[in-house]
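Single-structure report; data block below.
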Amino acid sequence: MALENFISTFIVVLLPAFLISLSLYAIRVIKGPSVTDMVLAIDCITYDLCFLMGLLSILFKIGFLMVAALALALWAYVLDVYVAKYLEAREVGD
Amino acid sequence: MFIFPELNPLEEIALIIGIILTLIGVFCDIVGSIGMVRFPNFFVRLHAATVGTIGGAVYPLFGITLMSLALNYLGVMRYFIATGAFLTAIAIVLTAPVGSHALARAAHRSKTVPVEPKVCDFLKEDERLIEE
């Protein structure tokens, strides 16, 4: 029981750091001067959300959140590649 | 055994390494987000993005793998969390550098981002040589 209390307290103490970092990334998403800046910041937000989902799955004891984290990580890669392809060739392709 | 009486020594070592990796990840998250706001140029911001992805997502996911393997009270669910975190970390460490390299190459070739404070631009000279 002491271990569970310690881990829960540890995760809850770490949560405001995520608030700070996600809001700082969101500033760059909103005012980014070019499209690539916004895409880069969205990538960082997505990878941070993967980490946050890992912590929340330990806190709430729901293991199935990690499947959503894996899907999020692959989705960010697809966004990168599609935006790069569109900027170079002006078409998305297959 | 030493700090937590309900764990054996191997689980305790895994738990402590996982907690240290998670703290490193949170630190790298904050540092990367500050760099993402403060850096002046897109090609410099790629560095902050790398700190935010490799330091801020891959290391703590390996830490979550070790940490959840040590937690007894989760039951069978801990193997689920450990496998998911490990696969996500492998996917991120393979795909994040590829994505950022593709984005940088596209931003340079399509001239959406000016290479403003520069000493020399070898990539542009190579493109001119290829065109001739």
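Throughout, read-outs are computed from the coordinates displayed, never taken from laboratory work. This one's a predicted model, so the numbers in the text were calculated from it and none came from an experiment. Cβ sites come from the backbone with ideal geometry, for glycine too, and all protein chains shown count toward neighbours.
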- [ ] Under 7 Å between Cβ atoms, at least 6 apart or on separate chains: pull out the pairs that start in the stretch A:18-39 with a residue that is touching a residue at least 24 places away in the same chain (Cβ under 8 Å) and end on any residue that is surrounded by 14 or more Cβ atoms within 10 Å (Cβ to Cβ) and not in a helix (DSSP H, G or I).
- [x] A:V35/B:T112; A:T36/B:T112; A:T36/B:V113
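State whether the residues of the stretch B:109-117 include one that is within 22 Å of A:I45 (Cβ to Cβ) and among the small types (G, A, S). Break it down stepwise before answering.
Taking the stretch B:109-117 and keeping what is within 22 Å of A:I45 (Cβ to Cβ), we get B:112-113.
With the extra rule that they be among the small types (G, A, S), the set shrinks to none.
Checked against the condition, which is being within 22 Å of A:I45 (Cβ to Cβ) and among the small types (G, A, S), the stretch B:109-117 yields no hits at all.
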Open item on the list: Please count how many residues of the stretch A:42-68 are surrounded by fewer than 19 Cβ atoms within 10 Å (Cβ to Cβ), under 11 Å from B:G84 (Cα atoms) and within 7 Å of chain B (Cβ to nearest Cβ).
Closed with: 1
Task: Output for the stretch B:96-113, where each listed residue is surrounded by 13 or more Cβ atoms within 10 Å (Cβ to Cβ) and either outside any helix (DSSP H, G or I) or of a type in the set (K, R) (or both) - done: B:R105, B:R109, B:S110, B:T112, B:V113
Open item on the list: Looking only at the stretch B:6-15, how many residues end up being exposed (fewer than 15 other Cβ atoms within 10 Å of the Cβ) and either touching a residue at least 12 places away in the same chain (Cβ under 8 Å) or touching a helix residue (DSSP H, G or I) at 6+ places or on another chain (Cβ under 8 Å) (or both)?
Closed with: 1
- [ ] For the stretch A:70-83, state whether one or more residues are out of contact with any Ser or Thr (no Cβ under 6 Å at 6 or more places or on another chain) and within 21 Å of B:G18 (Cα to Cα).
- [x] no
Task: Residue under evaluation B:F42, criteria (1) free of Cβ contacts under 8 Å to residues at least 24 places away in the same chain; (2) more than 14 Å from the chain's Cα centre (by Cα), criterion not met - done: (1)
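Take the residues in the stretch A:25-41 that are surrounded by 19 or more Cβ atoms within 10 Å (Cβ to Cβ) and β-branched (V, I, T); name whichever of them is farthest from the other protein chains (Cβ to nearest Cβ).
Here is the first cut: in the stretch A:25-41, the residues surrounded by 19 or more Cβ atoms within 10 Å (Cβ to Cβ) are A:25, A:28, A:36-37, A:39-41.
This time we only want the ones that are β-branched (V, I, T), so: A:36, A:39.
Details: A:T36: 4, A:V39: 6 Å.
So the residue we want is A:V39.
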